[in-house]
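Input: a single structure, listed below in structure tokens.
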Amino acid sequence: MKNYLLILILLSNLLASYDPRNAQAIQEYFKTSFRAKLSTNSLQRYYSDLSSLILDEKEYGIKDIQVVDFKTLKYIDAKKAFYVYKSHIKANYGKYSLVAFENQQDALLHVKRYKGEIIDFQEALHVKSKTIQSDSTFMQKRYKKRAIPMGKKLYEKLCKEELDVSEYLEISDLKTDLEEESLCGTLEKEYLEALTLYLWYVKRKGDLGIVEGQIEVNDEEKCPVCGMFVYKYPKWAAQIFYKHEDHEHHFSFDGVKDLIKFYHESQRWGNYPFATQANITKILVTDYYTSKGIDGFNAYYVIGSDIYGPMGHEPIPFEHEEDAITFKNEHRGVKVLPFKELSKELPYNLDVGKFD
């Protein structure tokens, strides 16, 4: 009875907790969930699936990894657990399920009843790392069939005001605000999930696809300045291309601010002897209105507006000067600058809220 009460208390604490990568409710998928702390600040994060934990490990680094024992519903040391992969238990994310047990005998009994294979933690990391992209594609196809169309109808019917989804850096934050702030009214669980997926994948990222002319960033590219994965922020993506021997090499950034830091002092961020201004072949930045990649050298940048990027205040780029001026006036911007006036000091001033 005591253990049962402890589990109920734990579940009640997770009522409003969503996976930061896919927004699945931890309570709903508690039996297959993980938790870990970020290496940088020891913040506790909860994951409905191992693939989400792997993405956090790549981006932030994690420690103290625990997984829920599928039988006892207690958290156990993830590195010592026995995992059953590809059993007949329905997967909550992707094609194949993964469940954990503290005792090998429990894992063997599970295999006897539900099939599957027993693997250790390192093998689990390996197989889930290999299927992250295919699992994501599998889930997006599922979303397109039902959740996305439903979310679109809900958005058009219930959301009275235009929502600026670009301000959210994680899908779980968006879902939490929709629920707690009632941004589109009080929603049942299924409707909340559908609306969240529509806003995140369609309104924020563009119909689960690529905007024509959008800057192309693969899932492995990190900003050399801040270390964040750039693909998560398509609205802010920027790139510098350099001549490097007989080919071209590029760096991707999660905003123009970090691009400018790298442009002026590339060697501060790593050993890149070829990354000189003389070797630059082109710079691409994302037009804030169209989400298309444009020539960074000829763009116009709004400084000091009330719109924030992934790293706070950003020089916000536009292809046309009139668009930049309109945006500046509508969003309390301080000034519009051409690329040549984006000085070495500017990004550091923006970091502390100085716009002079």
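Residues that are under 27 Å from the mean Cα position of the chain (by Cα), on the phi > 0 side of the Ramachandran plot and either modelled with pLDDT under 95 or assigned by TED's automatic domain parsing to the domain that holds ILE240 (or both): does the stretch 297-316 have at least one? Yes; the residues of the stretch 297-316 include at least one that is under 27 Å from the mean Cα position of the chain (by Cα), on the phi > 0 side of the Ramachandran plot and either modelled with pLDDT under 95 or assigned by TED's automatic domain parsing to the domain that holds ILE240 (or both). Residues of the stretch 84-94 that are in a strand (DSSP E or B) and hydrophobic (A, V, I, L, M, F, W, C): VAL84 alone.
Report yes if ALA124 is surrounded by 17 or more Cβ atoms within 10 Å (Cβ to Cβ), part of a helix (DSSP H, G or I) and touching a residue at least 60 places away in the same chain (Cβ under 8 Å), otherwise no. The answer is yes for ALA124.
Residue by residue through the stretch 215-249, note down the ones that are farther than 21 Å from ILE316 by Cα and free of Cβ contacts under 8 Å to residues at least 60 places away in the same chain.
The answer is ASN218, GLU220, GLU221, TYR242, LYS243, HIS244, GLU245, ASP246, HIS247, GLU248, HIS249.
So which of SER134, SER129 is part of a helix (DSSP H, G or I) and surrounded by 14 or more Cβ atoms within 10 Å (Cβ to Cβ)? One residue alone meets the criteria, SER129. Screening ASP219 with (1) of a type outside the set (Val, Ile, Thr); (2) modelled with pLDDT of 90 or more; (3) in contact with a strand residue (DSSP E or B) (Cβ under 8 Å, 6 or more places away or on another chain) gives one miss only, at (2). Looking only at residues of the stretch 208-257 that are assigned by TED's automatic domain parsing to the domain that holds ASP287 and of a type in the set (S, T, N, Q), we find that the one that is farthest from the chain's Cα centre (by Cα) is GLN239. Identify, from the list LYS175, LYS152, LYS160, the residue that is among the basic types (Lys, Arg), under 30 Å from ILE307 (Cα atoms), surrounded by 12 or more Cβ atoms within 10 Å (Cβ to Cβ) and out of contact with any strand residue (DSSP E or B) (no Cβ under 8 Å at 6 or more places or on another chain). Only one candidate qualifies: LYS152.
Annotation: LYS189 fulfils all but one of (1) surrounded by fewer than 16 Cβ atoms within 10 Å (Cβ to Cβ); (2) over 15 Å from GLN24 (Cα atoms); (3) of a type outside the set (Asp, Glu); the unmet one is (2). Of the residues making up the stretch 70-83, those that are assigned to a strand (DSSP E or B) and touching a Lys or Arg at 6+ places or on another chain (Cβ under 9 Å) number 1. Entry remark, the stretch 47-69: residues being under 20 Å from ASP219 (Cα atoms) and part of a strand (DSSP E or B) number 2 in total.
The values are calculated or read from the model by the stated rules, or taken from the named source; none is laboratory data. None of the values given here were measured: they were computed from a predicted structure. Every residue, glycine among them, receives a Cβ derived from its backbone with ideal geometry; neighbour counts consider all protein chains shown.
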